[in-house]
Amino acid sequence: MKTDIHPDNYRKVIFHDNSSGERFLIASVIDSSETAKWDDGKEYPVVHVDISSKSHPFYTGQEKVMDVAGRVERFKARAQKAEKQVVRKKKA
């Protein structure tokens with residue numbers, strides 16, 4: 001492996017999934033002011049994420065609506081509008 005190719009702040013970070021409560025210890029350069037202890041007893045920076053492989057429907061096989069900013073409703077409204085336009089074109 002090549003030496004000196006990683007940034008200076010490349011270190012292990014705990015990613016905490018807020019949806020499932022699962023935690024992952026992964027090397028990263030992301031900044032965090034919060035720290036927590038890992039299973040090995042050492043302290044690592046913590047980053048909170050809303051979704052990960054433990055809570056994403058693609059990986060879990062379960063549909064789960066996580067709508068913080070109304071994105072799902074806006075998408076559904078656009079889809080309905082597009083569907084109505086298709087139906088009108090077919091009638092014409």
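Computed from the coordinates by the stated procedures, all read-outs in this text should not be read as laboratory data. Since we're looking at a predicted model, the values are computed, not measured. Positions of Cβ are backbone-derived with ideal geometry, glycine not excepted, and every protein chain shown enters the neighbour counts.
For the peptides 20-31, 42-53, 77-88, residues were scored by their other Cβ atoms within 10 Å and the scores averaged per peptide; the highest-first order is 42-53, 20-31, 77-88.
Hey, which of these cross-link pairs are over 22 Å Cα-Cα: Lys12/Lys37; Lys12/Lys54; Lys54/Lys81? Listed pairs above 22 Å: Lys54/Lys81.
Considering only Ile14, Val29, Val87, and ranking their Cα positions along the charge dipole of region 11-91 that arises from unit charges at the beta-carbon of Lys, Arg, Asp and Glu, the one farthest toward the positive end is Val87.
Pull out a ≥ b ≥ c, the square roots of the eigenvalues of the alpha-carbon gyration tensor of region 11-91, then state rounded if a/c is under 1.5, prolate if not and a/b is larger than b/c, and oblate in the remaining case. Since a/c reaches 1.5 and a/b is larger than b/c, the shape of region 11-91 is classed as prolate.
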